[in-house]
């Protein structure tokens, strides 16, 4: 645990004589007055920002510039009872345990109202001199800031700040969260289906969202762990809401982990499925042996034996890989439109990719059917894509091949 820190009034002689790190909170530039400051110190633990009460689950492409830090708290991080003013100097003793935090966010209050915010990324503790970090307060009224968690217990509060940090780039989010409960919903990671998806602790309604933990039945119904209600004392319940090709369960014994993450299991089993709908897309030659999509995005339609009612891509996760995004939409009752979009240059076609697409079961609205669709390039043409180049589709060779039929 971090050693307690102490606050000093700004002074010239004593402060200069004490080695260590100083955080100087200042509201003068923007006229921000305060009588309390709370510091959120954190150690970086990744880039996956949790979904929160104000920013609930939605399928979004991560910016790659977000940061998440595990909170390191001591009681003196909440400086209250201050004389109303515009400056505060906070001192960190050069103790090795104080070196753990790499980020700090400061929230300034006037009474019960948050009025200002500031941060330091790349915080570093030194003991060979006096090191000062300026935290110039930004008025909070126009900022995208959220504090959530157990608001009556300072040590378990979480905070995030979304803003533009780099010129010419979009906003990024920095968050300070709990180490064992990153969505700060009072369900620890070991008892939470998805520790990045906030669920209201006192809710009587099961939590919905990005539920990704795996559960498999004997009949090869593959379900998702769903976050239950607080009333039943169990945030993790199993909902068998998808029926999968039998090959998923058969192949799981050949190396796919049926006890792990749902999307990992899906991707593994789809790759092992040896009889499914196969789509060959035309590509053009950009360098010897490397093909690129004729257009970006590239779009085609296919008929599915399951029909195409309310289609959804189940794997890869959120329809995304490192370089491509996949979309599926209903063209008509029996036909789906699939779109592939490259997110990087050059538009290199991926090697064989397997999509797991689910569609609503018209005979049972509570269940969904699934089909495996393999996508791979062919017809690399050195002179570019001919106008006659078309998608070639190979149907499964056995009845029901690659299709999960609900009971």
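Take 134-147, 360-373 and order them by the average number of nearby Cβ atoms within 10 Å per residue, most first; the result is 360-373, 134-147. In terms of surrounding Cβ atoms within a 10 Å radius of their Cβ, 40, 324 rank from fewest to most as 324, 40. Of 72, 325, the sequence from fewest to most neighbouring Cβ atoms within 10 angstrom is 325, 72.
Hey, how many Å between the Cα centroid of the range 131-147 and the Cα centroid of the range 168-199? The distance from the Cα centre of the range 131-147 to that of the range 168-199 comes to 21 Å. Converting the Cα gyration tensor eigenvalues of the range 6-177 into ellipsoid dimensions via √(5λ) gives semi-axes, longest first, of 27, 19, 15 Å.
Taking the number of Cβ atoms within 10 Å of each Cβ as an exposure proxy, the fewest-first ranking of 306, 75 is 75, 306.
Of the peptides 114-126, 187-199, 159-171, the ranking by mean beta-carbon count within 10 Å, highest at the top, reads 187-199, 114-126, 159-171.
Read-outs: derived from the displayed coordinates by stated rules, not from any lab. Quantities reported herein were computed from a predicted structural model and do not represent experimental measurements. Methodologically, a virtual Cβ is constructed for each residue, glycine included, from the backbone with ideal geometry; neighbour enumeration extends over all protein chains shown.
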